[in-house]
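Contents: one structure, followed by commentary.
The values are calculated or read from the model by the stated rules, or taken from the named source; none is laboratory data. Small disclaimer: the values here were computed from a predicted structure and weren't measured. Here the Cβ positions follow ideal geometry from the backbone for every residue, glycine too, while neighbour counts run over all protein chains shown.
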Amino acid sequence: MRIIGLDPGLRATGWGVILAEGNRLSHVAHGTIRTNPDDELAARLRTVHDALSEVLATWQPQAAAVEETFVNKNPSSTLKLGQVRGVVLLAPAQAGLPVAEYAPTVVKKAVVGTGAADKDQVHAMVKRLLPGVTVAGADASDALAVAICHAHHAASARRVLAAEAAIMRAQERAAR
C-alpha cells in the first residue's frame, strides 16, 4: 500500500510517501510545500491545496494520514493552522483517498517507541526505518513519520480483522 503522510503548516507543509508491503517499508518520495508569508491567507491556502493536489496526482497514494493539530498559546496561530489543516484534509479526500488522523504523541510512539520523543529522535528513526533516505527538513521528516505510523496502525488493524474473521469461521463450523 502506498501511503502519504502529511504534516500541515501554513509556512511549510511536509509530505512523505512510503510503500508498505507487509512489514517492509520503503521510501518513495518526500518534500515540503512552502507558502509566501507576504501573500494573503487565502492565496497561501490555495498554494498548499494546488501543490498537494499535484503531489497526490504524481505519486498516486492509496491512503493518507495527517498529523493532528496541537493547540498553540496564540489563538490566531491556532486558527490559521486549523485552516491549513482543513485544506490538507480536503485535498486527499477530493482525490478519493481514505484519510486517517494521528496525534503527535501517537506518531512519536509508533516511530520512536515513546510519545515524548523529540524531533531529532523522530528524524533518526525515520532514517533507520527507511534506509538510504536523506530527508531534507523537519517537516518532510515528520510527514514520513506520520506515514510510518499509519502503516503500523493499518497492519495491526489488518491482523485484528483477520483474527476476527478466523474466529467467526471457527464459530460457524462449530455451529454446524
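Only one of 24, 44 is basic (Lys, Arg) and touching a helix residue (DSSP H, G or I) at 6+ places or on another chain (Cβ under 8 Å). Can you tell me which? That would be 44, the only listed residue that is basic (Lys, Arg) and touching a helix residue (DSSP H, G or I) at 6+ places or on another chain (Cβ under 8 Å).
The residue list 51, 43 contains one member that is touching a Ser or Thr at 6+ places or on another chain (Cβ under 9 Å), within 29 Å of residue 134 (Cβ to Cβ), free of Cβ contacts under 8 Å to residues at least 60 places away in the same chain and among the aliphatic types (A, V, I, L, M), which is 51.
Going by the conditions given, is residue 129 surrounded by 17 or more Cβ atoms within 10 Å (Cβ to Cβ), under 26 Å from residue 26 (Cα atoms) and out of contact with any Gly (no Cβ under 7 Å at 6 or more places or on another chain)? The answer is yes for residue 129. Condition test on residue 81, is it at pLDDT 95 or above, under 20 Å from residue 33 (Cβ atoms) and buried (at least 16 other Cβ atoms within 10 Å of the Cβ)? Taking the combined requirement at face value, the residue does not satisfy it.
From the list 136, 145, the one residue that fits, being small (Gly, Ala, Ser), at pLDDT below 90 and within 21 Å of residue 31 (Cα to Cα), is 136.
For segment 127-141, taking the residues that are in contact with a helix residue (DSSP H, G or I) (Cβ under 9 Å, 6 or more places away or on another chain) and assigned to a loop (DSSP other than H, G, I, E, B), the one that is nearest to residue 33 (Cα to Cα) is identified as 135.
Kindly indicate which of 50, 118 is exposed (fewer than 12 other Cβ atoms within 10 Å of the Cβ) and out of contact with any Asp or Glu (no Cβ under 6 Å at 6 or more places or on another chain).
Of 50, 118, the one residue that is exposed (fewer than 12 other Cβ atoms within 10 Å of the Cβ) and out of contact with any Asp or Glu (no Cβ under 6 Å at 6 or more places or on another chain) is 118.
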